[in-house]
Every structure is written in C-alpha cells, then in structure tokens.
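Worksheet for the structure shown next.
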Amino acid sequence: MKKFVQKGLLFCVIIALLCACVVYLSTTEHYRSAIAKWTNSSEFMGDGGMVPIFEQARRQDGATQLVLGDSICRQLFSGLSEYNPKTSFLATNAALMITGQYLLVEEYLQTHPDTTDVWLVMHPLALTRTFDTEWSYRYAYMTYVETETLQYLDENTLAAMESVYGGFLMQKWVVQLAEDSPIVRKLCLNHIKFNSEDYIQASPFEIADQYVKKMYELCEENGVKLHVYASPAAEYYRGQIEELSAVYGETWMSSQYPDYFDDMMYYPDEWSEDLSHFSGEYATRDKLNEIIENAYGQTTLLEKLSYTGTNVR
C-alpha cells in the first residue's frame, strides 16, 4: 500500500512538472503559437490592445485636449489626429469600462499639466456597463493591473471585481501569467465565464455615477473642464436607452450633465452592420464628419476640432 501511494505521488509530481513545462513554454515566443494551436487556445493569443493607449497617455507630446470614450467614439474621431495636433484621441472600447476611462484620465493629466479640456464620449449602454463574466476581466481588470493603475480605484470597486473574478485571479502574478500564456488565459477566462456571475449594480448608474464624479473632481483639481456626451446610437437601442434616461435624474451626473440623453443622436439601423459601428458608405471619412456635425453641432467639442486644418464650423 505504501509503495502504491508513493508511486501515485510520484506520478502526480511528474504530471505537475510536465504541465508547468508546457505552461512555461507557452509564454515563450518560439513555442507560444504551436502550443496554443495544440491546446486549442489560439483565440486567446491576441493582446487586449489597451496597454499601448495608456503608454500613449503617459507620453509628453504637448497636447492640451483629450478625447476618450468607447469604440464608436474611436471610429468617429481617430481619423482627425493629423488635423488636431493639440488634441489626443485615446478612445478605446466599452469593455475597458468607465473605471478604465477614469484611470486613463488620471494617467493623462499627470503628464499633460497644460490640459484645458477632456471630452468623454460614450454610448449609454457602454457607460453603464458592469463587471461581467465575458469581457471585463480580459479588457478591464488585466489592463488595470498591467498598467499599474489599480491603486486609483475605490475599495468598493475592488470588492465588486473580486465578487466576479475571485481573489486568486486578481493576484498580479496570475494576471501576468494569463497575459503571457494563452493556455492560462483560456483557463482563467473560462473559469470566470462558467463559474461566476456578473456584478449586479444597485442601480444602472452605480459604477458610472461614481467614476464620472471622480473624473469630474480630478479634472476640477487640475483646472480642466470635463465634458460628457453620448455616442450616436442605432434606433434598435432606443427602448433600452429611454429606460436608462428615465432613472438618470436620480444620479449625480444629471446635476452636471443634464442634457446627456437629450442631445444624443439616433441613426437608422441600416447604417450599421453590428448596430454599433458605422459601416459601408457611412464609415467613410466624409460621412463620419457629417455624423459628427449632426451629433455634436451645438457643443464645445465641435467648436475646437478641425477636419482639414480649419475649424469644423
């Protein structure tokens, strides 16, 4: 019996060592792709694309204005960089969440002391996004850890994330391993997806209200004006957006940005293949310029942007 137990333990040790070797090799450039293919983990190889945005925010480039927000904002404004050298366009996507947008502003203002204006442009459904089991660990939490900005978040936010991801997966070494190894990333994301539940907010604007307010106070401390506008939305989402609008008056945001819902632009569903981003002829620069004009024609955002080296209007 004793020999059987010893052989069993030896077998377990050997298997553990083999697994550790495979995981280690999956973090190396030479073997990463092959092991990902062998373990059916290829879809987990791509990076989140968020860290370079934070690196750009930290770069001193003489810019004095910042435009950030979701991927709709990115589609609309990213092509205007060459005409606006004093404006940083650092829009990301909805999965970074409003918490990530706040961290981005935090980093930006530290290296851009002469900033005068920050424009946050987010679709209402992106603005009110919660910590979910599908996207937020990869695109939000891992980014916060990799950019070393987690310390700027409030304790209740960390507790909310822990309720979804669990304390073990929030450890820095686990995040780093998940970043480097597609196998570990697959295991982490699938564990969260199949064993956790989305964080349920006390109200739709629980997280958004907290972090837009923090962003506002941060900007105010630095002598910066924060502007908040909605990204254009497809008619498909009108019902959901009107439900959010109905409870918006209960938020702190509504006291500072009462027109957030009133000023937003709705467009025909046919303009978008995925009901979020413009496609076909509506994705051309000329059409996007027209959409910007219609959506933000009466705002400070349009007053200070250029399309071709001259002011929009």
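Some notes on this structure:
- Angle in degrees between helix 285-296 and the longest Cα principal axis of the chain, rounded to the nearest 10: 70
- Calculated [222 nm] ellipticity per residue, helices only, for the chain: -14500 deg cm²/dmol; basis is -39500 (n - 2.57) per DSSP H run with n ≥ 4, divided by all residues, nearest 500.
- Separation of the alpha carbons by more than 24 angstrom is noted, of 225/304; 213/287; 193/214, for 213/287; 193/214.
- Available extension along the chain between residue 294 and residue 195 is 31.2 nm, counting 0.36 nm per residue and deducting the alpha carbon span.
- Solvent accessible area, Å² - residue 300, 1.4 Å probe, full protein context: 40
- For residue 214, the solvent-accessible surface computed with a 1.4 Å probe is close to 40 Å², ligands and nucleic acids excluded.
- Leading residue at positive end of dipole, region 159-300 (Cβ point charges), from 194, 282, 212: 194
- Whether region 57-201 is rounded, prolate or oblate, judged on the alpha carbon gyration tensor where a/c under 1.5 counts as rounded: prolate
- Nearest-ten-degree value, helix 155-165 long axis tilted from longest Cα axis of the chain: 50
- When 252, 135 are compared by accessible area at a 1.4 angstrom probe, the order from most to least is 135, 252.
- Residue 65 sits among other residues whose Cβ lies under 11 Å from its own Cβ, and their net charge, with Lys and Arg +1 and Asp and Glu -1, is +1.
- In the chain, taking the dipole from charged Cβ atoms about the Cα centre, the farthest positive-side position among 291, 78, 136 is held by 136.
- Cα Rg over Rh - region 150-289, Kirkwood: 1.04
- Amide N of region 98-142 lying under 16 Å from the label point, which is placed 7 angstrom from the Cα of residue 176 along Cα→Cβ: 142
- For region 28-135, the per residue solvent-accessible surface stands at 41 Å², with DNA, RNA and ligands left out and a 1.4 Å probe.
- Cα shape, region 188-249, gyration tensor, a/c 1.5 rule: oblate
- The chain: angle of helix 97-111 to the longest principal axis, Cα-based, in degrees nearest 10: 80
- Ligands, DNA and RNA left out, the 1.4 Å accessible surface of region 252-293 is 45% carbon and sulfur atoms.
- Beta bridges from DSSP with both residues in the chain: antiparallel share about 5 percent, rounded to the nearest 5.
- Take the Cα of residue 246, step 7 Å toward its Cβ, do the same at residue 159, and the gap between the two points is 3.0 nm.
- Whether the chain is rounded, prolate or oblate, judged on the alpha carbon gyration tensor where a/c under 1.5 counts as rounded: prolate
The values are calculated or read from the model by the stated rules, or taken from the named source; none is laboratory data. This one's a predicted model, so the numbers in the text were calculated from it and none came from an experiment. As a convention, Cβ positions derive from the backbone with ideal geometry for all residues, glycine included, and neighbour counts pool all protein chains shown. Accessible surface areas use protein heavy atoms only, side chains included; no ligands, DNA or RNA. Shrake-Rupley method; radii C 1.70, N 1.55, O 1.52, S 1.80 Å.
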